[in-house]
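**Student:** Can you read through this structure? Questions will come right after.
The values are calculated or read from the model by the stated rules, or taken from the named source; none is laboratory data. All values derive from a computational prediction rather than experimental measurement. Here the Cβ positions follow ideal geometry from the backbone for every residue, glycine too, while neighbour counts run over all protein chains shown. Note: accessible area is taken over every heavy atom of the protein model, side chains too, but ligands, DNA and RNA are not part of it. Shrake-Rupley method; radii C 1.70, N 1.55, O 1.52, S 1.80 Å.
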Amino acid sequence: QAQLLESGGGLVQAGGSLRLSCAPSEKIFRQDVVGWFRQAPGKVREQIARLGSAGGTWYADSVKGRFTISAGNAWNTVYLQMNSLKPEDTGVYFCNTVPISHSWGRGTQVTVSS
């Protein structure tokens, strides 16, 4: 089964930016809807953005206007550009298809300091 590999997290001050990457071990995304999910400390994992194969996007209200999901050539990598970060964006970020059809990766930690 393909592995989902998230990267790009880190520690950033409020107002800063990060770009997350999701690079599966196999080419699995081309015909799927792909989503980014966030699990904040003590909270359930929630979907915050998704990208359809035709290019349509959806964002949770909490990130709308600040985050942008996109795909690289041939959908080998899916990105999440995060701007104007807030402390409440802190959490572990994961990618997966929508609906979920792959085992979760380890995620990438994003910590936003105030």
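**Student:** Using 1/(1 + (r/R0)^6) with R0 = 22 angstrom and r between the beta carbons of Asn76 and Gln39, what's the FRET efficiency to the nearest 0.05?
**Tutor:** The value I calculate is 0.35.
**Student:** Skipping prolines and chain starts, which residues have an amide H placed within reach, meaning under 5 Å, of the one on Gly107, given they are 5 or more residues away or on another chain?
**Tutor:** Glu6
**Student:** Rank these residues by their accessible area, most exposed first, probe 1.4 Å: Tyr79, Tyr93.
**Tutor:** These residues rank, largest area first, as Tyr79, Tyr93.
**Student:** Follow-up question, since we're still on this one. Based on Cβ point charges of +1 for Lys and Arg and -1 for Asp and Glu, what charge dipole magnitude is obtained for the chain about its Cα centre, in debye rounded to the nearest 20?
**Tutor:** Once rounded to the nearest 20, the dipole reads 40 debye.
**Student:** Let me ask something else. Could you work out what % of the accessible surface of the chain is carbon and sulfur, using a 1.4 angstrom probe and leaving DNA, RNA and ligands out of the count?
**Tutor:** Carbon and sulfur together cover 47 percent of it.
**Student:** Moving on. Mind listing the phi-derived Karplus ³J(HN,Hα) values for the stretch 83-88, rounded to whole Hz, using 6.51, -1.76 and 1.60 with θ = phi - 60°, and x for any glycine or proline?
**Tutor:** With coefficients 6.51, -1.76 and 1.60, one gets 10, 6, 5, 10, x, 6 Hz.
**Student:** Can you spot the lysines whose alpha carbon is less than 23 Å from Lys43's alpha carbon? Ignore those fewer than 8 places along the same chain.
**Tutor:** Within the straight-line limit of under 23 Å, Lys43 reaches these lysines: Lys64, Lys86.
**Student:** Right, something else. About its Cα centre, how strong a charge dipole does the stretch 2-54 have in debye, to the nearest 20, once Lys and Arg get +1 and Asp and Glu get -1 at the Cβ?
**Tutor:** With only Lys, Arg, Asp and Glu charged at Cβ, the dipole is about 80 debye.
**Student:** Leaving out ligands and nucleic acids, note down the accessible area per residue over the stretch 45-84 with a 1.4 angstrom probe, in whole Å².
**Tutor:** 49
**Student:** Using modelled backbone amide H atoms (1.01 Å from N, in-plane), which distant-in-sequence or interchain residues come within less than 5 Å of Val98's amide H?
**Tutor:** Those lying under 5 Å, H to H, from Val98 are Val33, Val34, Gly35.
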